[in-house]
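The values are calculated or read from the model by the stated rules, or taken from the named source; none is laboratory data. Please read all numbers here as calculations on a predicted model, not as lab measurements. Here Cβ is always computed from backbone atoms with ideal geometry, including for glycine, and neighbour counts include all displayed protein chains.
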Amino acid sequence: MRRLVNRWLVCLFTASGLFTASSLLTASGLVAAFVPLPVAAHGERATEPYIRTRTVHWYDVTWSSGSIAANDEITVAGKFRLFSDWPDAASLPDLVFLSNGSPGAVLTRVESYISGIPARQSARGLKTGKDYTFKLVMKGRVPGKWHLHPVLNVHGAGAIVGPGAWVEVTGKQSDYKEPLTTMTGVKIDDLQTYGVARAQMWHFGYGVLALLWLLWWLRRPLIIPRWLVTQKGREDLLITSTDDKVAAALLVTVLLVVIIGYKQTVEEFPNVVPLQAGFVKVPVPPNVPEAASIEVKNAEYDVPGRSLRMDVVITNNTDRPIRVGEFMTAQLRFINKDLPAAVESIDPSFPKDLLAGAGLKVGSDSPIAPGESRSTTLDATDAAWEVERLVSFLSNVDSRVGGLVFFYNDQGERHMSEISGAVVPVFTQLGSKVSTKAPEILNARVD
Ligand SMILES: [Cu+2]
């Protein structure tokens, strides 16, 4: 008897425990749903590193302002390189849509361009290994501090997010207006509310009809009695002549609503332009000869040291001496601080958290003469590898790393090259000296 009581008590406590836990979960869910909590960013770090380091490389991105009033415009502009060593696991950028990353409609997108072509629709014809310019004109809508990114949505690969900068929208939300005069001269005070009542009326109207139709059948005995009737072969009892009349009346009502609604709408708006569903074709930019070719001999990621070390051979294809100024991957910029031209290239609007503090250490940093092939090391060390959750490239089935290297010649002119290669992890604190005898298999896919 006591055992039985004990068992009951255990059950009771377990049940009450589960109930408390589930109530807490529900309560926290409700709190999260209804109480606005501060959001630090919106998940760009969750994207797999192979996407962030080997697909769309955004560069020269600028934000026209860090703070705008509601209803004022901000321009995010820059360039992106579609990486040549595009991962096999992501679809090629055959069909893309240029967008912005921000938490909801806190800013509205007024204009967008790829290579100067209006990109309000999806764009086709983009090729890997090419550079494109982009421009987004946004308008402040909801006051607050928002992380604003350019985003390229690649069909089959998902949203590929560019660098984000904090933009403050000041003033009141009521300051935001979106007035418009249509082609036919109709003046719309605010697009935010235009036509909303009409859409609600149609939704509500059809909802009422659907509800009446459901109630008509639900008021009668339902599943089991009806199943029994069909078992006995008396389907004729299920639908009465009144049902037939109601059904016919409903059909006529819906048809009349559709026909009269259509006629009235066409009379009120004789000239209508449908939503544009075609694609924009972006011309392929001309080939730009690579100023310097980079061969990755070996690349290793020192896990405790948070350092990517690459052993490379750089060949200068230009007729002027060049130096390595910057290594950029996954929006992180490792600047060679010993090169003034590289330091000067940082736009004041560029987010500081994406600039690696220690910068880029170049093993042999003297100018590379025209035609010279130089063996050197590139050392990109920063806690940002961990903070940006980039080290999971070590657990990928395709452990490769890619990025852009910027060179500057003696006249301060900038050139850009792609760098990519297999990367191996090193787990010892000291790290291993970068081997010059790289196993062939590591370099099998080095371009
Ligand atoms: Cu963000």
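General observations
- Within region 319-350, the residues that satisfy the criterion of being touching a Pro at 6+ places or on another chain (Cβ under 7 Å) and either modelled with pLDDT of 95 or more or farther than 26 Å from Trp86 by Cα (or both) are Asp319, Arg320, Pro321, Ile322, Arg323.
- Residue match in region 108-124 (condition: in contact with a helix residue (DSSP H, G or I) (Cβ under 9 Å, 6 or more places away or on another chain) and either in contact (Cβ under 8 Å) with a residue 12 or more places away in the chain or within 16 Å of the ligand (Cβ to nearest atom) (or both)): no
- Some residue of region 274-283 being part of a strand (DSSP E or B) and either exposed (fewer than 15 other Cβ atoms within 10 Å of the Cβ) or more than 35 Å from the chain's Cα centre (by Cα) (or both): yes
- Considering only residues in region 216-261 that are of a type in the set (Val, Ile, Thr) and touching a residue at least 12 places away in the same chain (Cβ under 8 Å), the one that is farthest from Trp202 (Cα to Cα) turns out to be Val246.
- Residue count, region 309-350 (criterion: assigned to a strand (DSSP E or B), touching a Ser or Thr at 6+ places or on another chain (Cβ under 6 Å) and more than 15 Å from Ala380 (Cα to Cα)): 2
- Among the candidates Leu222, Leu209, Leu214, the residue that is farther than 29 Å from Arg141 by Cβ, touching a Ser or Thr at 6+ places or on another chain (Cβ under 8 Å) and outside the structural domain of Ser174 (by TED's automatic domain parsing) is uniquely Leu209.
- Remark: pairs (first residue in region 131-145, in contact (Cβ under 8 Å) with a residue 60 or more places away in the chain; second residue assigned to a loop (DSSP other than H, G, I, E, B) and of a type in the set (Asp, Glu); Cβ separation under 9 Å; 6+ apart in sequence or on different chains) = Lys139/Asp72; Lys139/Glu178; Gly140/Asp72; Arg141/Glu178.
- Of the listed requirements (1) touching a residue at least 24 places away in the same chain (Cβ under 8 Å); (2) charged (D, E, K, R); (3) surrounded by 14 or more Cβ atoms within 10 Å (Cβ to Cβ), Arg333 misses just one: (1).
- Asn298 without any contact (Cβ under 8 Å) to a residue 60 or more places away in the chain and under 30 Å from Pro370 (Cα atoms): no
- The residue list Gly144, Gly78, Gly101, Gly140 contains one member that is within 15 Å of the ligand (Cβ to nearest atom), in the same structural domain as Pro49 (by TED's automatic domain parsing) and at pLDDT 95 or above, which is Gly144.
- Residues located in region 167-180, provided they are surrounded by 16 or more Cβ atoms within 10 Å (Cβ to Cβ), more than 11 Å from the ligand (Cβ to nearest atom) and of a type in the set (A, V, I, L, M): Val169
- Considering residues of region 147-166 that are near the ligand (Cβ under 9 Å from one of its atoms) and under 9 Å from the mean Cα position of the chain (by Cα) only, the residue surrounded by the fewest Cβ atoms within 10 Å (Cβ to Cβ): His149
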